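**Q** Quick one: the structure is below, and I'll ask about it shortly.
The values are calculated or read from the model by the stated rules, or taken from the named source; none is laboratory data. Given the structure is predicted, the values throughout are model-derived calculations rather than measurements. Ideal geometry is used to build each Cβ from the backbone, glycine not excepted, and the neighbour counts take in all protein chains shown. Side chains included, ligands, DNA and RNA excluded: accessible areas come from the protein's heavy atoms. Shrake-Rupley method; radii C 1.70, N 1.55, O 1.52, S 1.80 Å.
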Amino acid sequence: MKYGNIDFNNKTILITGGAGFIGSNLAFYFQKNFPDAKVIVFDKFRNEETFSNGNLKSLGHFKNLLGFKGIVISGDITKKEDIEKLEEYNIDYIFHKAAISDTTVSDQKIMIDTNVNAFKDLCDLAVRKNASMIYASFAATYGNSNIFKIGYERPNNVYGFSKLMMDNLAKEYYDKIRIVGLRYFNVYGKREYFKGKTASMVLQFGLQLLKGERARLFEGSDKIKRDFVYIEDIIQANIKACNSQKNGVYNVGTGIARSFQEIVDLLKKEFSIKREDVYIPNPYKKQYQYFTEADIEDTKKYLDYNPRFNLENGIKTYVPEIIRIYEEEIK
Ligand SMILES: NC(=O)c1ccc[n+]([C@@H]2O[C@H](COP(=O)([O-])OP(=O)(O)OC[C@H]3O[C@@H](n4cnc5c(N)ncnc54)[C@H](O)[C@@H]3O)[C@@H](O)[C@H]2O)c1
């Protein structure tokens with residue numbers, strides 16, 4: 001589906017983190033709907049380097065871009081010489097998605113270097129090019145807060161803190177360029193498989209069930225609720241942000257919290273599986289968000305955003321892809 005009324009044909013669109021989950025979905029959105037747009041994907045891509053938690057340092061994967069016809073640049077946003085590779089292009093829009101997207105990373109320096117300091121260099125690039133900047137913020141900025149409205153942030157991990165610092169930094173550019181932060185809640189959908197352990201629980205539970213295993217949930221999962229948002233609605237928000245009436249940060253979710261238990265129940269219904277679940281203690285107790293629910297009033301008002309997918313039809317739409325992943329990547 002096409003969103004908004006901007007014609008992106010003949011425009012140059014830079015997507016940082018474009019080999020990752022959200023960035024690659026955006027790249028294909030433009031390729032499909034605006035064949036004359038020049039789309040540049042800039043991503044660090046994965047290598048063997050891992051954080052102390054054992055997870056890979058960057059998750060970009062070429063398979064997310066199979067069929068992509070645009071330009072691919074391998075580069076690190078924290079390296080000024082890599083950012084310089086972008087100077088030769090007349091960029092109209094920057095969708096900044098490159099980040100350390102792993103909530104369990106505790107290395108504070110690399111998190112701030114990547115998520116905050118590098119963002120400043122990209123904002124300066126946007127000013128030089130007079131480009132619009134649409135960047136990814138995150139619901140983890142709310143942390144321990146129980147009010148999910150801009151201004152009520154209480155991050156409880158360095159990832160959430162880094163995203164809040166991006167939002168603060170963005171304010172310095174409000175009077176220079178169009179700059180919109182999108183505060184995503186829990187995103188799920190196509191092209192997230194290569195995030196591994198950091199992929200959404202919709203995919204992880206789906207694969208556990210297809211493998212014939214019991215779904216592994218944290219104890220009390222019927223009461224742990226999040227705002228789960230389907231990738232299509234994230235794309236909608238990004239496109240509509242290009243027409244935003246006001247610079248600022250906007251929540252992107254469904255506006256309704258649902259439990260992890262409901263995800264498993266819906267998946268079991270879709271797969272016609274009747275199997276007991278397993279409940280395990282939550283190892284992240286101290287830095288865990290037990291409830292999130294996006295207040296999307298301003299997003300509706302200033303971005304004309306209207307979520308099209310609730311958990312039921314989001315999961316229903318995603319299920320054939322979960323089965324494909326199981327068949328082609330796992331079986
Ligand atoms: N998926 C979610 O539920 C969710 C929720 C809230 C916010 N976000 C944000 O959305 C954005 C995209 O997330 P995603 O889920 O697609 O994650 P992802 O890890 O799939 O994508 C991030 C991409 O950035 C790249 N990258 C990492 N460090 C880089 C660096 N130094 N230089 C260049 N590229 C680098 C990675 O290789 C990867 O391809 C991130 O900013 C993330 O914080 C995601």
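**Q** Report the Cα centroid-to-centroid distance between the range 101-160 and the range 256-285 in angstrom, as an integer.
**A** Cα centres, the range 101-160 to the range 256-285: 29 Å.
**Q** For the range 29-113, state the semi-axes of the equivalent ellipsoid (square roots of 5 times the eigenvalues of the alpha-carbon gyration tensor), sorted largest first and rounded to whole angstrom.
**A** Its equivalent ellipsoid spans semi-axes of 26, 16, 11 Å.
**Q** Could you tell me the largest-minus-smallest coordinate of the C-alpha atoms of the range 172-331 on each of the three principal axes, in descending order and whole angstroms?
**A** On the principal axes, the range 172-331 reaches 54, 36, 23 Å in Cα extent.
**Q** Would you compute the Debye intensity of the range 1-53 from its alpha-carbon atoms alone, equal scatterers and no solvent, and pass along log10 I(q)/I(0) at q = 0.13, 0.14, 0.19, 0.31 Å⁻¹ to two decimals?
**A** Log10 I(q)/I(0), no solvent term: -0.38, -0.43, -0.66, -1.23.
**Q** Can you give the helix-only mean residue ellipticity at 222 nm for the chain, where every DSSP H stretch with n ≥ 4 adds -39500 (n - 2.57) and the sum goes over all residues, rounded to the nearest 500 deg cm²/dmol?
**A** Values: 10 runs with 102 residues, N = 331.
Result for the chain, helices only: -9000 deg cm²/dmol.
**Q** Starting from the Kirkwood Rh over alpha-carbon pairs, what translational D in µm² s⁻¹ does the range 75-227 have by Stokes-Einstein at 37 °C and 0.692 mPa s?
**A** Details: Rh = 17.2 Å.
Rounded to a whole number, D works out at 190 µm²/s.
**Q** Also, quick follow-up: Do me a favour and compute the ellipsoid semi-axes for the chain from its Cα gyration tensor, root of five times each eigenvalue, largest one first, whole Å.
**A** Numbers: eigenvalues 184, 93, 81 Å².
Value: 30, 22, 20 Å, ordered largest first.
**Q** With bins 5 Å wide starting at 0, give me the P(r) of the range 1-157 over every alpha carbon pair, in whole percents.
**A** 2, 9, 17, 20, 19, 15, 11, 6, 1, 0
**Q** So which of Lys44/Lys225; Lys109/Lys149; Lys197/Lys286; Lys2/Lys129; Lys57/Lys300 end up more than 23 Å apart by C-alpha? Show your work: numbers first, answer last.
**A** Values: Lys44/Lys225 33 Å; Lys109/Lys149 28 Å; Lys197/Lys286 19 Å; Lys2/Lys129 26 Å; Lys57/Lys300 35 Å.
Result: Lys44/Lys225; Lys109/Lys149; Lys2/Lys129; Lys57/Lys300 exceed 23 Å.
**Q** Report the calculated FRET efficiency for Ile110 and Gln31 (r = Cβ-Cβ distance, R0 = 30 Å), to the nearest 0.05.
**A** Given R0 = 30 Å and the Cβ-Cβ separation, E is 0.40.
**Q** Same structure, new question: With every protein chain present, what is the per residue accessible area of the chain (1.4 Å probe, Å²)? Write out the running numbers ahead of the final one.
**A** Numbers: 14860 Å² over 331 residues.
Computed with neighbouring chains in place, this is 45 Å² per residue.
**Q** Right, another one. Please list, in order along the range 181-193, the HN-Hα scalar couplings obtained from phi with the Karplus expression 6.51 cos²θ - 1.76 cosθ + 1.60 (θ = phi - 60°), rounded to whole Hz, x for Gly and Pro.
**A** Values per residue, Gly and Pro as x: x, 10, 8, 6, 8, 8, 8, 9, x, 3, 6, 9, 4 Hz.
**Q** Still on this structure: Percent antiparallel among DSSP beta bridges with both residues in the chain, to the nearest 5?
**A** Numbers: 3 of 38 bridges.
Counting DSSP beta bridges with both partners in the chain, the antiparallel share is about 10 percent.
**Q** Label points 7 Å out from Cα along the Cβ direction at Glu327 and Asp304: separation in nm?
**A** 3.9 nm
**Q** Roughly what angle does helix 158-170 make with the longest principal axis of the chain, taking Cα atoms, 0 to 90 degrees, to the nearest 10?
**A** 30 degrees
**Q** Considering only protein heavy atoms, with the full assembly of protein chains and a 1.4 angstrom probe, order His96, His61 by accessible area, largest first.
**A** His61, His96
**Q** If one takes the longest principal axis of the Cα atoms in the chain, at what angle in degrees, from 0 to 90 and to the nearest 10, does the Cα axis of helix 21-33 lie?
**A** Between helix and principal axis, roughly 60 degrees.
**Q** Would any residue of the range 294-331 have its amide N under 20 Å from a label point 7 Å out along Cα→Cβ of Leu66? List them or say none.
**A** Output list for this probe position: 318-331.
**Q** What fraction, in whole percent, of alpha-carbon pairs in the range 173-225 exceed 13 Å separation?
**A** 71 percent
**Q** Compute the long axis of helix 201-210 from its Cα atoms, compare it with the longest principal axis of the Cα atoms of the chain, and write down the angle in degrees, 0 to 90, nearest 10.
**A** The helix 201-210 is inclined about 40 degrees to the chain.
**Q** Would you mind telling me the share, in percent, of accessible area of the chain contributed by carbon and sulfur at probe 1.4 angstrom?
**A** Answer for the chain is 47 percent, counting heavy atoms of protein chains only.
**Q** Here is a follow-up. For Lys246 paired with Lys80, estimate the spin-label separation in nm (one decimal), with each label point 7 Å from Cα along the Cα-to-Cβ line.
**A** Result for the modelled spin labels: 3.7 nm.
**Q** Starting from the Kirkwood radius over alpha-carbon pairs of the range 242-331, derive D by Stokes-Einstein at 4 °C in a medium of 1.567 mPa s and give it in µm² s⁻¹.
**A** It comes out at roughly 80 µm²/s.
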